[in-house]
Structure formats: C-alpha cells, structure tokens
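Structure first, then comments.
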Amino acid sequence: MSEPGLVKRQFGHRSRLTLSPAEARVLDDQAHAARTLWNCLHSWWQMTPKSDTKLTAADAAIRRGRKDLEYLGKLPAQAAQAVLKTYLRAWVNCWEGRTEEPTYKARFRSAMSVDIPQGRDLNIVRVHRRWGMVNIPKVGRVRFRWTKDLPVGKRVNKDNRITGARLVKDPLGWHIAFRVQTLGREPQPHQGPEVGIDAGVNIPLALSDENHQDHGRPPHLAEGKSDRDKWLSPKEKVKLLTLEQQAAHQKSFRKRGEKASKRLRHTYDQIKQLRAKATRRALDWQHQTTTSLARTYGVLVVEQLNILGMTKAPAPKPDPDNAGAFLRNGANAKAGSNRAVAQEAWSRTVTMLTYKAARCGGRLVKVPAPYTSQRCSACGFITEGSRETQELFACKNPDCGWTGNADWNAARNILHLYRIGHVIVEVPAAGRRGRRAGKTVKPVATR
C-alpha cells in the first residue's frame, strides 16, 4: 500500500530512434501489418453477428491469420493483441459518445505505429549521458536519444517503472514513446501570484502583468508566407520554396489517374520533413513556455474559447448580379485568420497548462470569453470603436481615455472575471490538489 501523501503519476516520453535501413524496413513492415490487421478485424467485426463469444472468436481469428498469412506474421504476437485491444477501446469510446465509429485505416493517411504493451520486454539500459539502448521485438537492440531521466536499473519497482511503449513514425523517422508510471510526493499549494492569460496571434500569450510570452525569434526569422514558415530559418524557407516549385513542376508531367513517381514522392518527403521540423519547434516552445508559467504562477486564468466556432468559414451569400452564383463573403481573408489560429494551437496550450499547473500545485481557471477584448480594463465599460486596430485599444469613454495593448487589456479583463467570481471551470478544484478535478461555479454579475 502506498504511503500517505504520495500520488501516482502516469506520463509519456518520446525519444528518437537510431535505426539502420534494414531495421527501418522491418519496422515499416510491422506497421503495415498492424494497419492491415486493423482493417481485416474491422471487416470481420462488421460481418459477424453479435454474440457473447465474439471477443474470443476475434482473438482466435487473429491467431489463425498470423499463422496463415506471412505478412501478418511479421507483426509480433503482443503487438497483434494490442491491435485488438485498441480496436475494442475504440468501440467503447463510440458507445459512450466520445468519438465516432472506428473506420478503415488508409495507407497514406494513417500514422504508422507498432505497440509494445509489455514494459519488461524493453530491457532499457542507459549507455551514457546522451544515448540509451532498448530491445524492440523482431528488431533487436536499438539506440535511442536519452533526453529524460527514466526509471531503469535499480530504480525499477512496482510504483516506478515503464509499463510499455509505442513505436511511431513521422516524416523525421521512427520514434519510441514510453509509457512511464512513477510515485511521488503530492505537490504543495502553489503560493505564486495570479495571472490572466489571453491567447492571440500577434502576441501568442499575453499576460495581465505584462510578462508576455512571444516566440522569441528575431523579426527576419519570423517573416514567412504562412504561419508554419515562421519556425524555419531563412535557408530552410528558401529550400522549402524550391521544393514546392520542384514538386509543382514534377506534378505537371503526371497524367490523370497515374501514381506519383519516385522523384515526386521523394520531393514530397523532403517537404514533409521541413514541415515536421517546424511543428516540432513549435511544440518545444509550447512545452517550455507552459512549464515556466506553471512554475511561476499559482493561479492561471484563461478564456473558455469555442475554437471550432471561431474558425468556421463564413456562409456564402447569393450574388445579386448573377443568378445561381454565390459570393465568397470574405472567405479568403477568413481562411488566413483561421490558419493563424490553428497554428497557435490554443487548445493544446490550455491542456499543457492544466496538467502542469496541477503537477506544480497550482490551479487553472476558465472564465467566459465574451467581451474580454472589447471591455476597457480600467473603467469596465464597453464602447463602440475602442478596438482601433488589432494591437491598440483606446477607450472611447470620455471619463476614462485609457490606451494600451489590446491583448494586455484582454488579459487584465480575464483576471478581473476570476477575482469577482465569474468562473466556469476550475482544475483542480479547491480542496482536491494533486488530482485532476473540475468544478463549476455559478457566474455572478460583472461590472
């Protein structure tokens, strides 16, 4: 039995694998076999009638398929059982109303992955400061990048161990994602200050105390034709533009219905690598920034945003000049704004702040979003035309006249809503620190 004051924590850690071309081909075969097994299982599940022994029959069908079909036999037995478990979990999530029904996995649109459900099969050893060794079924000992202290060797016990892993492939190569379980002290209540956070595009995270969190890149690196390009260096942007022009030229020679040539696929792979590199840098910035905020502040107040509604395309309007035609109604401009919002990944930022604040003993609070960017944080009045530009807020109230950064004004309003008790969600709730919990508070009138 665990000691009082200790909490169990489960998290994942992803590291890059160093594989030879032959080892990479083996993992590719296993990933394709896992995808094929999922599709075969989905077809079999839909064709067979409902019964109490359907699960047992599915397990027997997988065993028979791995024995009869050579390409399914490339997948380890434990990984095949994990495919069945994941498929059943997908149906449970569907029956409980959390997701849609499971579907077939396409070859080029689904992520390539292989599960290793048993942590004891990994036999992880730290070689030196930068590298470790892990055992992968049907591949052997493989080096991986050691970037986090993992429970290995004498530190492994029932409460501190690696319970499994998953091999995932992206445009940058194969990675291993460890599932880690640890036991640690319950965090003490964070005594840091309160802060309101406004998520934006010009300033990614504007704070009410003016400690704004920007991407921290020089202006010449931030310029790009799209939001993803701002994470690339000038040389990488030039290379990306050259590859896109090369892909367009190669694509012009392909006839309708023909498969892409090897050269075109290779060009596409190079473009994907640059895009994946930009995504990895953005994710790294999010992790570092949210960790710093969770360690600095005791209460983090954010807006309850409806991002799907914000990024919804405007409905087309009928063209009065042409019968049967429709106007785009600013769809092009809205598409650029939606792309900028999507690239900032506000929901992922809030998710990171939620679990990191709980880990540090702090709290994350969500308040209503309406009028936070239009209300003056000095006088509390909403006057038309106060938001003069995207970056400047100037109160039109003759008795006030306050001016300042628009995002900073919104962050101050967000913090004010929390202080007057206008709270929607609080995680973790008061009195339940160290665990993820939610609390809904009845809103009160604002000034």
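Counted as qualifying within the stretch 1-106 are the helices (runs of 4 or more DSSP H) with 2 or more residues that are among the β-branched types (V, I, T) and surrounded by 11 or more Cβ atoms within 10 Å (Cβ to Cβ), namely 21-47, 77-95. Selection over the stretch 243-264 of residues that are exposed (fewer than 12 other Cβ atoms within 10 Å of the Cβ), assigned to a helix (DSSP H, G or I) and not hydrophobic (A, V, I, L, M, F, W, C) gives a count of 3. If you go through the stretch 231-242 and pick out every residue that is in a helix (DSSP H, G or I) and in contact with a helix residue (DSSP H, G or I) (Cβ under 8 Å, 6 or more places away or on another chain), you end up with 6.
Summed over the stretch 98-117, residues that are over 16 Å from D29 (Cα atoms) and more than 20 Å from the chain's Cα centre (by Cα) total 5.
For the structure I just gave you, tell me whether T372 is closer than 14 Å to L305 by Cα and either of a type in the set (D, E, K, R) or part of a loop (DSSP other than H, G, I, E, B) (or both). Please lay out each step first, then the result.
Numbers: closer than 14 Å to L305 by Cα: yes; either of a type in the set (D, E, K, R) or part of a loop (DSSP other than H, G, I, E, B) (or both): yes.
Here the answer is yes, as T372 does meet what is asked.
Contact map, the stretch 10-36: residues that are in contact (Cβ under 8 Å) with a residue 40 or more places away in the chain paired with residues that are loosely packed, with under 15 Cβ neighbours inside 10 Å and part of a helix (DSSP H, G or I), Cβ distance under 7 Å, separation 6+ or inter-chain. Pairs shown: A33/Y71.
The rows are residues; the columns are (1) free of Cβ contacts under 8 Å to residues at least 60 places away in the same chain; (2) surrounded by fewer than 18 Cβ atoms within 10 Å (Cβ to Cβ); (3) aliphatic (A, V, I, L, M).
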site: M133; (1), (2), (3): yes, yes, yes
site: R141; (1), (2), (3): yes, yes, no
site: N157; (1), (2), (3): yes, yes, no
site: V180; (1), (2), (3): no, no, yes
site: I197; (1), (2), (3): no, no, yes
site: P204; (1), (2), (3): no, no, no
site: Q213; (1), (2), (3): no, no, no
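Out of G362, G385, one residue alone is of a type outside the set (A, V, I, L, M) and at positive phi. It is G385. Being basic (K, R) and modelled with pLDDT of 85 or more holds for only one residue in K235, K225, and it is K235. Contact annotation: residue pairs with Cβ atoms under 7 Å, 6 or more positions apart or on different chains, pairing a residue in the stretch 342-360 that is assigned by TED's automatic domain parsing to the domain that holds N202 with a partner that is assigned to a helix (DSSP H, G or I) and of a type in the set (D, E, K, R), are Q343/D227; Q343/R228; C360/R295.
Can you give me the ranges of the strands (runs of 3 or more DSSP E) entirely in the stretch 118-200 with at least 3 residues that are over 14 Å from T18 (Cβ atoms), β-branched (V, I, T) and within 26 Å of the chain's Cα centre (by Cα)? Quick ask: steps written out before the conclusion?
Numbers: elements: 131-136, 140-145, 161-170, 173-185, 194-199.
Output list reads 161-170.
Checked against (1) of a type in the set (F, W, Y); (2) within 24 Å of G5 (Cα to Cα); (3) more than 22 Å from the chain's Cα centre (by Cα), F381 passes all but condition (2).
Go through the stretch 107-117 and give me each residue that's in a loop (DSSP other than H, G, I, E, B) and of a type in the set (D, E, K, R).
R107, R109
What pairs come out if I take residues in the stretch 88-99 that are free of Cβ contacts under 8 Å to residues at least 12 places away in the same chain and pair them with residues that are in a loop (DSSP other than H, G, I, E, B) and surrounded by 10 or more Cβ atoms within 10 Å (Cβ to Cβ) whose C-beta lies under 6 Å away, six or more apart or interchain? Sorted first by the residue in the stretch 88-99, then by its partner, the pairs are N93/T99; C94/E101.
The values are calculated or read from the model by the stated rules, or taken from the named source; none is laboratory data. These numbers come from a predicted model, not from an experiment. Here the Cβ is made from the backbone with ideal geometry for all residues, glycine too, and neighbour counts use every protein chain on show.
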